[in-house]
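Asks: Before anything else, here's the structure in question.
Rule-based calculations on the coordinates, nothing more; no lab input. Just so it is clear, the structure is predicted and the values come from calculations on it, not from any experiment. As a convention, Cβ positions derive from the backbone with ideal geometry for all residues, glycine included, and neighbour counts pool all protein chains shown.
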Amino acid sequence: MQFLQSLLAMTYEMAPFVILGFMIAGLLHEFVSPQAMSRHLAGRGMMPVVKAAALGITLPLCSCSVLPTAVSLRRAGASKGATTSFLIATPQTGVDSIAATYSLLGLPFALIRPLAALFGAMLGGRAVDRFDPEVPGAAAMTAPAACPTEDSERRLFWRRLIAAVRYGLVDMVADMGKWLIIGLLVAAAITAFVPDSLFISLSRYPLLAMLVMIVVAVPMYVCATGSIPIALSLMLKGLTPGVAFVLLMAGPAANFASLLILGRTYGRRATAIYVASVIVTALLFGLMIDYLLPASWFTPAVSAIGPHCHAHATLLQILSAALLACLMAYTLILRPKHHHHNHSHNPSTDMTQKFIINGMSCNHCKSTVDRVIRAVSGVEDVEVSLADKCATVTGAPAPGAIEAAVTAAGFEITPA
């Protein structure tokens, strides 16, 4: 019974903020292009690194989907330090996770989390510039003439708004919904079944507890939003806010799969700097929270979960939780069963090409591939399958244009 009460309490608190965050994320995805971002991230020095960190803090990308975006920025001219800064900051935060952090953990956590991401990203970006310097000409991989923003500029505003809502409430829910559910279930299980005495001795030694949390959090995968209920449950069981903060920062930023890809793409030295920046930042801010800041700042918004928690839920929270549950059911259960077909009815052409695309790992990747292919002149329709790692294109684009556009976006493409 306590398991369900804990699950409901955290879901009610998070749901309105998660949905709001997803909506803002959709708007950012639709109206901000990698080409526009990369213009501010070229060149050496501190300014591109700071801009990349500030940009990454707002974008709701996980540690797998941030990689193709970073490759796209790199190919469009972003410096190596700026790209590393973007890679560090982006998976640790996002408008959705900041809003959800505020809902469960309170305003101080919601403010310190992006500040820590900014600091760590700047630290890692500058370290890469200094210890793994740019190879001359390496960043001059300018994207081909097929610009992904041309199609967006031609579309009407309301169509872009619909696309933003679809991305935020469908694609993002499909990407992060599973991890949010896992986070809520793990948090509820810790709250209901793990005895308080298990953490009491560890809470007496915060630095040791933080080091243990680093060992646990870095290899595993948990998204920035899914880590929040787990951090809350650990605090309710007696661990310090600093230890919970280490989980919030280290868990989303690194996992074995993304580190292997990062090592192959950017090299072992840059990857080592990336991991070191994440760990050092998490520990520094965790210690600062426990030893320098008032403990009263870090009282969780959900400080107690009682038998009548549902009675305190507002109508907005209940409706938001119901909407979130429906969206998750659709994206995780119903939607994968639907088979999408090419619906182009233009009788002027029946030319269809199929391509194998490697590097797509989530719906953000799929959306990016769909967008860059549709931007190619001559393309009339495109169907991208994440499961089959392929794209079917209808139309008569210039030879090599699709391959160039997809490669510039950070993916590998070959004709099927």
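Asks: So how much slack lies between L185 and F3, counting 0.36 nm per residue of separation and subtracting their Cα-Cα distance, in nm? Before the final figure, lay out the partial values.
Replies: Working: separation 182, 0.36 × 182 = 65.52 nm, distance 0.85 nm.
Between L185 and F3, full extension yields 64.7 nm more.
Asks: Could I ask something else about it? Determine, for each peptide in 164-175, 112-123, the mean count of other beta carbons within 10 angstrom over its residues, then list the peptides with the highest first. Intermediate values should be presented prior to the final figure.
Replies: On the way: 164-175: 21.4, 112-123: 23.1.
In descending order of packing, they fall as 112-123, 164-175.
Asks: In what sequence, highest mean first, do 54-61, 379-386, 270-277 appear when ranked by Cβ atoms within 10 angstrom? Don't skip to the end; give the middle numbers.
Replies: Details: 54-61: 23.0, 379-386: 18.9, 270-277: 20.8.
Descending mean neighbour count gives 54-61, 270-277, 379-386.
Asks: Within straight cross-link reach of K51, meaning Cα distance under 28 Å, which lysines are found once same-chain residues fewer than 8 apart are removed?
Replies: K80, K366
Asks: Something else: For F193 and F31, FRET efficiency with R0 = 35 Å and r from the beta-carbon atoms, rounded to 0.05?
Replies: On the way: r = 44 Å, r/R0 = 1.27.
Once rounded, the FRET efficiency stands at 0.20.
Asks: R269 to A398: extension gain in nm, 0.36 nm per residue of separation minus the Cα-Cα distance?
Replies: Working: separation 129, 0.36 × 129 = 46.44 nm, distance 3.94 nm.
42.5 nm is the gain from fully extending R269 to A398.
Asks: Please work out how much length the chain gains when fully extended from S385 to E412, using 0.36 nm per residue of separation minus the C-alpha to C-alpha distance, in nm with one decimal. Intermediate results must be reported in sequence, preceding the final value.
Replies: Details: separation 27, 0.36 × 27 = 9.72 nm, distance 1.47 nm.
Contour length minus the Cα-Cα distance gives 8.3 nm.
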